[in-house]
Amino acid sequence: MRPQDILMPVPAGLCCKPGGFHIDPVRPVERAVITHGHSDHARPGHGAVLATQETLDMMRLRYGDNFAGSTQAIGYGEEVRLGDVRIKFHPAGHVLGSAQIAVSCKETCIVASGDYKDAADPTCAPFEVVPCDVFITEATFGLPVFRHGHAADEVKKLLASVALFPERAHLVGAYSLGKAQRVIALLREAGYDAPVYLHGAMEKITHYYQSRGVALGELRPARGMKKSDLAGTITLAPPTATSDIWTRRFPDPVTAFASGWMRVRARARQRGVELPLVISDHADWDGLTATIEATGAGEVWVTHGQEDALVHWCKTKGLAARPLDLVGYGDEDEAETAPADEAEA
């Protein structure tokens with residue numbers, strides 16, 4: 001069977017007609033298979049949702065108990081049959097519960113990777129290479145300029161700044177699902193054992209991570225703290241919060257942002273970021289190309305990001321490659337709002 005007869009891009013997303021489902025659909029469908037809990041991939045309103053337990057829990061936290069008509073949890077390595085295809089979930093290393101979805105029909109295996117990274121992350125299961133015939137890869141950082149380096153070195157920069165400016169607070173912009181928890185875990189690995197403060201929008205998901213056994217040390221809400229008591233502290237907040245009125249509660253804050261985009265200095269300046277931290281939950285150029293080669297896939301479909309450069313690289317390696325031109329995917333939604341009392345304080 002031809003790969004395009006198994007999976008094909010449609011306006012709702014990636015559709016598997018023989019299986020009767022869509023992967024990470026951008027509009028409500030009858031049956032959705034979800035790779036992970038970020039809002040550009042996990043949307044509410046589907047008839048039935050199949051995902052890891054952690055992803056289902058994230059969706060429930062964000063959208064309420066009735067985010068889908070029905071749900072089914074699947075673990076890594078488990079296989080289920082939907083229609084004429086078999087699907088199996090494998091760790092994607094992106095965030096807690098994130099998965100690659102291997103779709104097999106007859107003798108053909110296609111792996112939809114969702115978002116992924118091959119770098120170490122103490123807060124989620126490590127990325128697993130899945131041999132396949134067709135590999136569907138993201139290309140968020142699909143240009144050779146993007147080489148992230150070691151996240152631990154970026155955390156050392158943060159801690160050096162905290163030591164240098166003990167009279168100032170450090171505000172770290174980070175997405176509330178995955179990035180914030182990874183930064184905290186990296187701080188703990190670096191030996192930082194002081195309390196870490198959280199913006200209100202961070203609390204639910206971060207406490208959920210703790211409930212799943214992810215060790216994050218002592219966490220405290222930033223709300224209600226005296227300004228003077230926040231000198232020398234580190235607070236995690238959604239990226240948008242680090243540039244609004246909320247920051248006035250902190251003494252002379254140093255604004256940081258943890259993102260792969262901080263490799264581009266113009267982006268840091270544009271956002272008014274004083275301390276750019278190149279920490280990404282997506283594979284960099286070397287990670288993307290190494291993963292493609294490791295899968296052994298003869299065909300590569302590229303989606304959401306710098307598609308053209310990665311397609312070109314694949315072709316230079318003798319691989320069949322094409323962009324999928326799917327729309328609606330990108331960075332995790334930044335429009336996370338704080339509870340009313342947090343926003344007004």
Practice prompt. Please indicate, with yes or no, whether at least one residue in segment 160-174 is in contact with a His (Cβ under 7 Å, 6 or more places away or on another chain) and under 25 Å from TRP246 (Cα atoms).
Written response: yes
Worksheet entry | Only listed residue being outside any helix (DSSP H, G or I), farther than 27 Å from LEU310 by Cα, of a type in the set (Val, Ile, Thr) and open to solvent by less than 60 Å² (accessible area, probe 1.4 Å), chosen from VAL172, VAL183 | VAL172
Item to complete: Among the residues of segment 50-88, write down those that are under 18 Å from the mean Cα position of the chain (by Cα), among the hydrophobic types (A, V, I, L, M, F, W, C) and open to solvent by 40 Å² or more (accessible area, probe 1.4 Å).
Response: LEU61
Worksheet item: With GLY272, GLY213 as the choices, which residue is modelled with pLDDT of 95 or more and on the phi > 0 side of the Ramachandran plot?
Response: GLY213
Worksheet item: Quick check, is HIS282 in contact with a Phe, Trp or Tyr (Cβ under 6 Å, 6 or more places away or on another chain) and touching a residue at least 60 places away in the same chain (Cβ under 8 Å)?
Response: yes
Practice prompt. Considering every residue within segment 238-253, establish whether at least one is over 21 Å from ASP121 (Cα atoms) and among the aromatic types (Phe, Trp, Tyr).
Written response: yes
Discussion item. Looking at segment 140-169 only, could you name the residues that are β-branched (Val, Ile, Thr) and surrounded by fewer than 16 Cβ atoms within 10 Å (Cβ to Cβ)?
Written reply: VAL145
Fill in: The listed residue being closer than 20 Å to VAL85 by Cβ, open to solvent by less than 30 Å² (accessible area, probe 1.4 Å), modelled with pLDDT under 95 and not aliphatic (A, V, I, L, M), out of GLY19, GLY13
GLY13
Practice prompt. Looking only at segment 90-123, count how many residues are assigned to a loop (DSSP other than H, G, I, E, B), within 17 Å of LEU7 (Cβ to Cβ) and open to solvent by 10 Å² or more (accessible area, probe 1.4 Å).
Written response: 3
Response to the item:
Being in contact (Cβ under 8 Å) with a residue 40 or more places away in the chain, surrounded by fewer than 22 Cβ atoms within 10 Å (Cβ to Cβ) and within 21 Å of the chain's Cα centre (by Cα) narrows LEU310, LEU288, LEU324 down to just LEU324
Worksheet entry | Residues of segment 39-49 satisfying the condition of being without any contact (Cβ under 8 Å) to a residue 24 or more places away in the chain and open to solvent by 30 Å² or more (accessible area, probe 1.4 Å) | ARG43, GLY45, GLY47
Worksheet entry | Of all residues in segment 189-205 being within 22 Å of HIS94 (Cα to Cα) and free of Cβ contacts under 8 Å to residues at least 60 places away in the same chain, the one that is surrounded by the most Cβ atoms within 10 Å (Cβ to Cβ) | MET202
Discussion item. Of all residues being in a helix (DSSP H, G or I) and either touching a His at 6+ places or on another chain (Cβ under 6 Å) or among the basic types (Lys, Arg) (or both) in segment 206-248, which is most open to solvent (accessible area, probe 1.4 Å)? Just the residue, please.
Written reply: ARG248
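The values are calculated or read from the model by the stated rules, or taken from the named source; none is laboratory data. Because the structure is a prediction, the values reported are computed rather than measured. Please note: Cβ atoms are built from the backbone with ideal geometry, for glycine as well, and neighbour counts cover all protein chains shown. Surface areas here come from the heavy atoms of the whole protein model, side chains and all, with no ligands, DNA or RNA. Shrake-Rupley method; radii C 1.70, N 1.55, O 1.52, S 1.80 Å.
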